[in-house]
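Novice: Please find one structure pasted underneath; my questions will follow.
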Amino acid sequence: MRRSEAARYARWSAGIALLLAVGTAGVYLQRKWSQHVDRKNAPAAAPLNVERQSNGLTFSKVDGDRKVFTVTASKSTDFKDMDASLLESVKITIFGRAGDRNDVIQTQSCQYSKNNGSVVCSGEVQMDLQSAADAQKAARTGAQPAQIVHVETRAVTFDRTNGMARTDQPVKFVFPNGTGHAVGVEYQSEQGSVRLLSDVRFTLKPSVETNTKRKPGQLNAPREVQLRGASLDFDRDTRIMSLHGPAEAQTQNIRLSSSEMILDLDQAFRAQVFHAQATKDGQRPNLELQGGGGSSEMSADQLTAYLAPEGWVTKAEASGDVRGSRHTAAEHEEFSASKGSLDLWPRVSRPKELNLNGAVVLKTQTNHSSESRMLQTSAFQVLFSAGAAGQPNKVQVAQTLAAGTLEWTDAAAAGVAAPLTKLHANKLETKFGAQGRPEQLIATGNVQTERAIPGHALQTATAKTGTAQLLPNGGWSQMDLQGDVNMKEADRSAQADHAVLYRDHQTATLTGKAIVRDATTETTAPRIVFHQLTGDISADGGVRSTDLSARGGSVQLAPVPSNVTADSMQTNSKTGRALYFGHARLWQGESVLEADSIELLRATRTLNASEHVRAVFPQTPTPAPGSAPESVAKKSSLWHVTAGTLSYFDAENRAHLERDVVAQSASQKIRSAAMDIYFTHSASTNSPPPSGAAGAQQINRLLASGGVTVEEGTRRAIAEHGEYTAAEGKFVMSGGNPTLFDGSAGTTTGRQLTFFLADDTIIVDSENGSRTLTKHRVDR
């Protein structure tokens, strides 16, 4: 038993000893583990050059009782023998001198210089620029403020003395409705302004709310605005961007370029207004517009473009020596003015209304010919249609808002100057067709036209109103002038109620009480046509011409104006020929001439009448024996003449008639195949002629040939030739077999028969030369 108890006791003792050993080991291990944990959790040993380390550093710059900025860091380490401190988890909050800022700059670590107060952050840096009001609103509502400008860069230096943060590293920035990048940035904390140093490129985008409403392919989709420049200054509070050149802003179809450009942003930081102006070196801003079937551009000393919140341009304004151009497949156009504005249709940024003011000059050149036109005015406006989806818009109306002059230059032939046409009026308005091509030009008030053709007289006209029919290329085909039309060409002038000018035919047609005058002649007709190339004038519908020249025009039958009427007339100013046809009638004094046509030749002073010629010529009768001379002066006899043709030669005072000629006075009638009538100027008339002018032409002698027959009462004489002398009242019949038939005295024949009207004397010359005097009774 004792041995068993001893064994048991030994086992218990060994167990207890083991437990004590395990406990002791556990305590030792626990102490070792605690020491390990404490060593692990213990702060690292300060480097040898560290002077001091601290947590939670904060320092501020104060101006009076206001904080300008505050710098905080989670940890600060000061180094021996150095004026710099290492700041970790750095946050710089900038309030600005006015306390209206709440801009925040954050980075992982920075080095703070105790000597000059600069903070150099070599790693990634983020800047959030916002106003104090937005920050307070976000603190109250817990919402993220929308008006933050977020900037990402690296290697930023912040100078606490002047509050400037700067880097020359690449910069990315995001602001409400815009993103971009640049190289280098300077931030003035006291003013809240940002300057991007170089290679600036950014995009202005419509707001998120607007974007959510856009449908794919929709025409009114918001437009992005792309901007680029050499550098940029941005004032966060005023929302003004100053883009330094070369700078440009571009939308889907509009591009604005300039050496300097200022962009105003709205409250939501969307592009609102672009301002650009010429620099001292003469570089001027330029606006380019694509679309509308071509491209356009405009430059000026100052350019301003206005944008809608959705990003499309709504209007552009220009001032100071405005110049521009437009290019289409059909023509090239250039313009200049003192001021200009261009309104654009919303959403599509297509021209809606163009206004030019001050010394406006618009030049248009046709691409496929040398035809051109030029407009000059002080105010000009163009209205455009909206245009269908996917289609270019078209011009509807182009008009002057003040007096204007439009000048067309036709295509020129080789070596010849081009014809030129001018149209002036108080207002000019061009209307366009459905295809956007010009169709009609309306001129209103004080209308004046000029038509200049090389080698021909200048043709001018005035009227109250006018309408020009236009060709697709903008040239004109005809002009209609209305109301008190007055026309002038060389020494000719004309007036009418209405005139139509035809370009291809180079004619001007006057209607409605039309009158044309030259130095000596006046012609009236319902319709008168000027032919500018040939110098011809034609008239119809009942023509009347009056020749007021001192010498009576082409012929002088009396010292009074001559008059001509006819159905129609053709005359030429160069040749001096005038042809009247269709019931033509000429009268001058007592002389009258009628025919199917009458031709007047001014150069040779000749008159030609043909077909159904009828004429009346005066003749002072021979004094009867015992009559007083003054009784003869008060009375003249008239001869009535008919023939197939008549030609009057004023220089010879002679008229030549042919074809069934009949000349008849009150008591005599002469028939023949041909006849020459000789005239002399009367020595005395009822009214004295003008100084230096001769009296009226009166028949002096008649020479008839070809089956001549003379009838006087019951007597009738026939011969091959007949001669009548008015001064003696004598007939001489010769040639053939001259025969005198007298109902009471029988028949008398001879080689030549001479009989006198003043008495009953007949002289018969026989073949053997004898002369027989007989007396016949003459019925009177």
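Novice: Please turn the phi angles of the range 499-507 into ³J(HN,Hα) values with the Karplus equation 6.51 cos²θ - 1.76 cosθ + 1.60 (θ = phi - 60°), one per residue in order, whole Hz, x for glycine and proline.
Specialist: With coefficients 6.51, -1.76 and 1.60, one gets 9, 10, 9, 10, 5, 5, 8, 6, 10 Hz.
Novice: Could you check the simple spin-label distance between S74 and S667, using points 7 Å along Cα→Cβ, in nm with one decimal?
Specialist: Modelled inter-label distance: 15.2 nm.
Novice: Collect residues whose amide H, placed 1.01 Å from N in the peptide plane, falls under 5 Å from the amide H of L471; neighbours closer than 5 in sequence don't count.
Specialist: W476, S477
Novice: Something else about it: Hey, how much of the P(r) for the range 236-389 falls beyond 21 Å, as a percent of Cα pairs?
Specialist: Summing the P(r) tail past 21 Å for the range 236-389 gives 46 percent.
Novice: Arrange the peptides 357-367, 254-264 so that the one whose residues have, on average, the most other Cβ atoms within 10 Å appears first.
Specialist: Ranked from most to least packed, the peptides come out as 254-264, 357-367.
Novice: Output ³J(HN,Hα) for the range 308-325: one whole-Hz value per residue in order, computed from phi by the Karplus curve 6.51 cos²θ - 1.76 cosθ + 1.60 with θ = phi - 60°, and x for Gly and Pro.
Specialist: 7, x, 7, x, 8, 6, 9, 7, 10, 10, 9, 8, x, 6, 6, 9, x, 8
Novice: First check a/c for the range 528-622, with a ≥ b ≥ c the square roots of the eigenvalues of its C-alpha gyration tensor; if it is under 1.5, answer rounded, and if not, answer prolate when a/b is larger than b/c or oblate otherwise. If you can, show how the numbers build up before the last one.
Specialist: Working: a/c = 2.17, a/b = 1.55, b/c = 1.40.
Here the range 528-622 falls in the prolate category.
Novice: Over 20 Å between Cα atoms: which of K67/K91; K172/K205; K669/K730; K422/K488; K137/K205; K75/K114 fall into that group?
Specialist: K137/K205
Novice: Let me ask something else. Does the range 398-495 come out rounded, prolate or oblate by the C-alpha gyration tensor, with a ≥ b ≥ c the root eigenvalues, rounded set by a/c under 1.5 and, if not, prolate when a/b is larger than b/c and oblate if not?
Specialist: Oblate shape, in that a/c is at least 1.5 and b/c is the bigger or equal ratio.
Novice: For D567, enumerate residues with amide H under 5 Å from its amide H, sequence gap 5+ or separate chain, H modeled in the peptide plane.
Specialist: V543, F581, G582, H583, A584
Any read-out appearing in this document is the output of simple, stated calculations on the displayed coordinates, not a laboratory observation. This structure is a prediction, so every number in the text was calculated from the model and none was measured. For neighbour counting, all protein chains shown are included, and Cβ atoms are generated from backbone atoms with ideal geometry for every residue, glycine included.
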